[in-house]
1. Can you work out D for the stretch 208-260 in µm² s⁻¹ from Stokes-Einstein, where Rh is the Kirkwood radius over C-alpha pairs, the temperature is 25 °C and the viscosity is 0.890 mPa s?
2. Give me the net charge of Asn154's neighbourhood, meaning all other residues with Cβ under 13 Å from the Cβ of Asn154; Lys, Arg count +1, Asp, Glu -1.
3. Return the long-range amide H neighbours of Leu70 (sequence gap of 5 or more, or a different chain), with a cut-off of under 5 Å between placed amide H atoms.
4. First compute the accessible area of the stretch 22-153 with a 1.4 Å probe, then give the percent of it belonging to carbon and sulfur atoms.
5. Which percent, to the nearest 5, of DSSP beta bridges fully inside the chain are antiparallel?
6. Tell me the trypsin sites (Lys or Arg not before Pro) within the stretch 18-81 that lie in a loop according to DSSP and have at most 13 other beta-carbon atoms within 10 Å.
7. For the chain, find the longest principal axis of its Cα atoms and tell me its angle to the long axis of helix 26-41, 0 to 90°, nearest 10.
8. Amide H neighbours of Val203 under 5 Å, at least 5 residues apart or on other chains, H built in the peptide plane: list them.
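The values are calculated or read from the model by the stated rules, or taken from the named source; none is laboratory data. Predicted model only: the values in this text are computed from it and were never measured. Glycine also receives a Cβ, built like all others from the backbone with ideal geometry; neighbour counts cover every protein chain displayed. Please note that ligands, DNA and RNA were not included when accessible areas were found on the heavy atoms of the full protein model with its side chains. Shrake-Rupley method; radii C 1.70, N 1.55, O 1.52, S 1.80 Å.
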Amino acid sequence: MSQPRHRLMDYVREDIFPHRFCVGCGCGTVLNVFTNAVAELKLDTSQMVCVSGIGCSAWIPSPYFKADTLHTTHGRPIAFATGVKMMRPDLKVIIIAGDGDISGIGGNHLIHAARRNIDLTVIMVNNMIYGMTGGQVAPTTPVGVKTTTTPHNNVEPPFKVAELVQAAGASFVARWTTFHVFQTMRTLQKAINKKGFSFVEIVSQCPDNFGKRVGMGKATDFLKYLKDQSVRLSKAKDMSEEELENKIIVGTLCDRDRPEFATQVHNITNQIVKQVAEENKN
Ligand code: SF4
């Protein structure tokens, strides 16, 4: 007798499983939440393009998610995705990448895409370290953490990436953690449907690299840490800077409407084409 088929199997590449993530990695949760968000929205995956760079989080769409996917060079997924969007503004273009890829190596692409307000959805999985390459310090690593490249404790303050993107001009910005699966799913749905640059940071556990270095224990201990450290944006507004130290502020930071880049460029191009055609008639 044939086994009942799980409703999400239409969205994943079954032939690739079992997956390559370490046991307890948050990337599996992000794949699950993203797939649920797409399934509930009933998106036509033939009208989507997923783009990723290099790193453990880049594996989420490539190879596991069943849609056209560009697995690009390190730090460059937003640049490749911009090219796709400019040629095919009708497609949903979604980037899933890690914090090192997006805010370290690709930081410049990130802030300029937000400034231009290009109609892209960026899902940044923030595990606070370069996981795949062995645990080097990232721009998101908290102060005091020992990594392979900061064996005497990291002294660099971490980027608040969501706040940075908000200040740069993104239309939609939110932050959740892998503990907040339902909130993250609803937020991803809003981000995917938003016209303009939308950015969702998901703080995630990397038990194998980050967890080992900070003495976090099992993946479940890490999830408890993410739960305990999270503070809702509405509550954080009344807290002092000292009280918010090492806290993860979760919620929607902004949801606003701004002119979108690809639409504006296409409007100008169409006007020029019409103008040239008129001139050639005369
Ligand atoms: S190294 Fe970390 S982020 Fe990469 S798969 Fe393992 S647990 Fe996940």
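1. Values: Rh = 13.3 Å.
Translational diffusion coefficient: 184 µm²/s.
2. +1
3. Correct list: Cys50, Val51, Ser52.
4. 59 percent
5. Numbers: 6 of 34 bridges.
Taking every DSSP beta bridge within the chain, about 20 percent pair in antiparallel fashion.
6. Numbers: sites: Arg20, Lys42, Lys66; in loops: Arg20, Lys42, Lys66.
Filter output for the stretch 18-81: Arg20, Lys42.
7. Helix 26-41 and the main axis of the chain meet at about 40 degrees.
8. For Val203, the qualifying residues are Asn126, Trp176, Thr177, Thr178.
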